[in-house]
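The values are calculated or read from the model by the stated rules, or taken from the named source; none is laboratory data. Because the structure is a prediction, the values reported are computed rather than measured. In this analysis, Cβ positions are derived from the backbone assuming ideal geometry, glycine residues included, and neighbour counts consider all displayed protein chains. Accessible surface areas use protein heavy atoms only, side chains included; no ligands, DNA or RNA. Shrake-Rupley method; radii C 1.70, N 1.55, O 1.52, S 1.80 Å.
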Amino acid sequence: MRLLSRLQSWLRAAFGRARLEDEMDAELRFHLENFAEDLVRTDVPRAEALRRARLEFGALERAKEECREQRGVRLLETLLQDLRYGVRSLRKNPGFTAVAVLTLALGIGSTAAVFSVVNAVLLKPLPYPEPARIVTPWWAWPVNDMGDEFPWGQRDFFAFRRQARTFQSLGAFKSDSFILTGSGDPLRLDGIRASAGFFLALGVQPLFGRTFDQEEEEPGHELEVVVSHQLWLDRFGGDPGVLGRSINLNGFSYSIIGVMPDGFVFPRGEEMPFILGFPRQAQLWVPLPTPLNPAGPQDLAVVGRLKNGASAAQAFAELQVFGKGVEAQYPQAVGYYTPVLKPLVSQITGDTRRPLLLLLGAVAVVLLVACSNVANLLLARSLLRNKEFTLRGALGASRGRLLRQLLVENLVLALGGGLLGTLLAWAGVHFAKTFGPSNLPRLQEVNLDLRVFFFVLVAAIATGILFGLPPAFAATRESLVESLRERSQAAGYSARLRNSLLVSQVALALVLVVAAGLLVRTFYSLLATDAGFNPTRVFTFQLTLPSGKYSDVDVMARLYHNVLQHLQSTPGVQHVGFASTVPLGGAPDGTAIRIPDHPVTSAKDAAPFANYLFATPGYFAAVGTPLLRGRDFTDSDTQDSAHVTIITTTMAQKYWPGQDPIGKQVGVGAVRWPLRTIVGIVADTKHASLSEKSSPEMYVPYTQNEIKVWPSMQTMQVALRTTQEPASLLSLIRQALNSVDPDLPLAKPATLASLVDDSVVQPRFSMLLLASFGAIALLLASIGMYGVISYSVARRTREVGIRMALGAAPLQVLRMVLGQGARLVGVGLAIGLLASFGVSRLMTSFLYGVRATDPLTYASVCLLLTFVVLLACYLPARRATRVDPTIALREE
């Protein structure tokens, strides 16, 4: 009985205290060991002893479980009590709550909006089965500064496909255009010529029907077409019976064999090298036949799916072996077969990764500034509740209990900011999809999915905890005795914390505004750059000839001549010209060239190279490109006359430095093609973007096309300089085309000014976003400075009253308060400048016409930031000068 009594008292004492579970388990083991020893000493039979031990152990386990449940219930009740108290406390201060929630919503919402774009473009898996196995093999450019991706020739692709062992399927494809006739006005469609392995490599199935097989690659079986979902809806009304229907493309009858699912848009222009000229969105796919001419041009992109278990390194090694074999067979190809293997996701995202990460970093700075601002607000509010916390501590509340209460309040604020920020993020996503650059890949896939919501939740919780802890620690570190002193240690700690937070806001805002300033300078440098043309009142469109009707170069030349005459006679047209590519209409074709003055060597860096464009007489006058020396093309430059060319200033300076290139000769490609005499020099023209580096370029008359196998003359771009607004002449231009051939479509109509505007959409979008983030950070830093100085003035009311009672002038008080703000601003500017120098160097690739350390930008931003922040200090400083000494001393 004595043992049982002792056991019962021990249990009451052990489980009456709130111990950790590991401590409770140790106590249980110790008790059971003693219990077993007692049973042995009392000579209890073994079976009975084990039965009693099991019963005792079960009783103790049940008691422990009940204790755990009671502790969990008590903890939950405490948290709910803290939550109710926190909500009531925030409701009593609606002004503070609104400012804090709005500030956090700005930071979290803008960050979530940018993250949603990053998520869709960089993080979300591609909509293909096992996308990690899909790669795009290329050859490296044999010429410096020409990029990384050199296309395949048909001979090489089909040879490599036959011997490839690491690829499950390989597909080649290239861009092409098609004229759809026979049902209404002729319509130009952007299409893709693809081999049978194209769809197999992507692993995509048609909505209904089928895709290509090996049979379609044989000559005579290529007149079949797979149409996009959008074309099926627009042109065929979504008719499910479209399979087997014949449509006229380029003068040939094609049979529809399949319709692709909604959302399938691969490839798009931004996903492929610019030189291949892919459209923004393919509308149809036709077979790519086995080459009839093995020495065809290098104009194919390739996509492949690796076999299960095959690695990218193995595929790369296989490409190396193939490339060395080709170079051994064709010595003149040495240097042109260095493989490049890219994952499809890297191919699609392209150059967008760095700009998106820059924007994500910028918006993260906004979030930091917002959180720092809210931390200052929380600190000021918690110090105002100092007496409350002191009293609760005197009544027995531990510091941990007070910290938990404050953190619950902070989490309520953060979750409120996250909820409102989600609405702002939704608006930001809608804005990005509506006004974002159209060449941003996967832009239309941007949405607020579960990953974004999880990001918002994590950001809100992290914000509430990380930036709520410093104010909470500052508010709960003061003891009852310290709270009765005039100036406690906690007050000094809080002041230092407030100043540190404010300095960090100023520094972060400076970094962000400097980055925005550099992008603003870049944008205006782009607009001010000499693009080599005059876009005023210039109308452009694309003219594509049906290949079934116009397959001979001489026939095409005669047609273009007739079109030129009809357009020139159109009222309101001043100059007309055709070219392979108009300014900012896309990158031109490039070719190896022969210069008698510069013999070709085996070193690939020394191989002469130039862009190659066709042009008509009057083209340079139409686009406003100045002819600097020599003459323009004339109607007398025909196939039977001397072959001539016009080059750009960059080509003249690169290959004939310090010489007069007029009269010099240059050839294109193979030796069998004749040399051309340089008859003129024109200004460099921007083709791909305003920021592109000028490359050597040569123009040849469209009537002297010796490269019969090139498709360059199948599609020409037309430029018309008008004496009135181009839009008013659209119907007259259509009539002029119809009078020559009713099957000629007027495709991609645009003004040259709109092409200029489209070329700066992406830098303008990035500039506006970064400038907006900088303005938000600047505003938050100003609000933070205003709050800190206002709080400081309120705390120093008695000091200000004494100073004024002793004769201090209002100007001296004003100088004292502004001096406090100026010191904080100065420290923030110093730290921010050091950080800006480091960050701006990471932005070098985004800048044009301005250095990363541009002194004008740094000086302007520093002055702007100083003015705005000191203006925020002026209001509380002015209020301090109006303090009545008598009232101030009486209030204390």
Among what's in the stretch 297-316 and is among the polar types (S, T, N, Q) and in contact with a helix residue (DSSP H, G or I) (Cβ under 9 Å, 6 or more places away or on another chain), pick the residue that is most open to solvent (accessible area, probe 1.4 Å).
308
Residue in the stretch 133-146 that is more than 24 Å from the chain's Cα centre (by Cα) and free of Cβ contacts under 8 Å to residues at least 24 places away in the same chain present:
yes
Could you tell me which numbered condition residue 202 fails, if it satisfies all but one of (1) surrounded by fewer than 20 Cβ atoms within 10 Å (Cβ to Cβ); (2) more than 29 Å from residue 744 (Cβ to Cβ)?
(1)
Filtering the stretch 327-339 down to residues that are of a type in the set (A, V, I, L, M) and open to solvent by less than 40 Å² (accessible area, probe 1.4 Å) yields 333
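Quick test for you: out of 721, 734, pick the one residue that is surrounded by fewer than 18 Cβ atoms within 10 Å (Cβ to Cβ) and among the basic types (Lys, Arg).
On the way: 721 fails: surrounded by fewer than 18 Cβ atoms within 10 Å (Cβ to Cβ).
Of the residues listed, the single one that is surrounded by fewer than 18 Cβ atoms within 10 Å (Cβ to Cβ) and among the basic types (Lys, Arg) is 734.
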Among (1) at pLDDT below 85; (2) open to solvent by 10 Å² or more (accessible area, probe 1.4 Å); (3) over 26 Å from residue 829 (Cβ atoms), residue 497 falls short only on (3)
Within the set of pairs 6 or more residues apart or between chains, which connect a residue that is closer than 15 Å to residue 199 by Cβ inside the stretch 215-227 to a residue that is loosely packed, with under 14 Cβ neighbours inside 10 Å with Cβ atoms less than 9 Å apart?
224/255; 225/255; 226/210
Select, from 324, 342, the only residue that is open to solvent by 10 Å² or more (accessible area, probe 1.4 Å), within 30 Å of residue 608 (Cα to Cα) and within 21 Å of the chain's Cα centre (by Cα).
342
I'd like to verify a number: residues in the stretch 513-560 that are more than 30 Å from residue 865 (Cβ to Cβ) and either in contact (Cβ under 8 Å) with a residue 12 or more places away in the chain or of a type in the set (A, V, I, L, M) (or both), how many?
28
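Does residue 154 satisfy the criteria of being at pLDDT 90 or above, more than 27 Å from the chain's Cα centre (by Cα) and open to solvent by 20 Å² or more (accessible area, probe 1.4 Å)?
Values: at pLDDT 90 or above: no; more than 27 Å from the chain's Cα centre (by Cα): yes; open to solvent by 20 Å² or more (accessible area, probe 1.4 Å): yes.
So residue 154 fails the test.
Being in a loop (DSSP other than H, G, I, E, B) and out of contact with any strand residue (DSSP E or B) (no Cβ under 6 Å at 6 or more places or on another chain) is the filter here, so list the residues in the stretch 261-284 that pass it. Even if it seems obvious, please write down each step before you answer.
Of the stretch 261-284, the ones in a loop (DSSP other than H, G, I, E, B) are 261-268, 272-273, 277-283.
Scanning the stretch 261-284 gives 261, 262, 263, 264, 265, 266, 267, 268, 273, 280, 281.
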Go through the stretch 160-184 and give me each residue that's in contact (Cβ under 8 Å) with a residue 24 or more places away in the chain, open to solvent by 10 Å² or more (accessible area, probe 1.4 Å) and not in a strand (DSSP E or B).
161, 163, 164, 165, 166, 182, 183
I'd like to check something: does the stretch 492-511 contain any residue that is without any contact (Cβ under 8 Å) to a residue 60 or more places away in the chain, under 36 Å from the mean Cα position of the chain (by Cα) and not assigned by TED's automatic domain parsing to the domain that holds residue 247?
yes
Given the criterion crowded, with 20+ Cβ neighbours inside 10 Å, at pLDDT 90 or above and aliphatic (A, V, I, L, M), identify the matching residue among 564, 508, 545, 584.
564
Taking the condition of being open to solvent by less than 40 Å² (accessible area, probe 1.4 Å) and not in a loop (DSSP other than H, G, I, E, B), how many residues in the stretch 427-461 meet it?
8
Hey, any hits in the stretch 244-255 for a residue that's aromatic (Phe, Trp, Tyr), farther than 30 Å from residue 335 by Cβ and open to solvent by 50 Å² or more (accessible area, probe 1.4 Å)?
yes
Quick one: count up the residues across the stretch 83-136 that are touching a strand residue (DSSP E or B) at 6+ places or on another chain (Cβ under 9 Å), of a type in the set (D, E, K, R) and open to solvent by less than 70 Å² (accessible area, probe 1.4 Å).
1
The stretch 218-234: number of residues that are at pLDDT below 90, in a helix (DSSP H, G or I) and surrounded by 18 or more Cβ atoms within 10 Å (Cβ to Cβ)
0
Looking at the stretch 701-733, which of its residues are modelled with pLDDT under 90 and of a type in the set (D, E, K, R)?
706, 708, 725
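Hey, does the stretch 719-728 have a residue that's among the charged types (D, E, K, R) and touching a residue at least 24 places away in the same chain (Cβ under 8 Å)?
yes
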Considering the stretch 250-260 alone, what residues qualify as being assigned to a strand (DSSP E or B) and without any contact (Cβ under 8 Å) to a residue 60 or more places away in the chain?
253, 254, 255, 256, 257, 258, 259
Filtered residues of the stretch 674-700 (kept if part of a loop (DSSP other than H, G, I, E, B), at pLDDT 90 or above and not basic (Lys, Arg))
683, 684, 685, 696
Any idea which of 234, 239, 262 is of a type in the set (D, E, K, R), in contact with a Leu (Cβ under 9 Å, 6 or more places away or on another chain) and not assigned by TED's automatic domain parsing to the domain that holds residue 688?
262
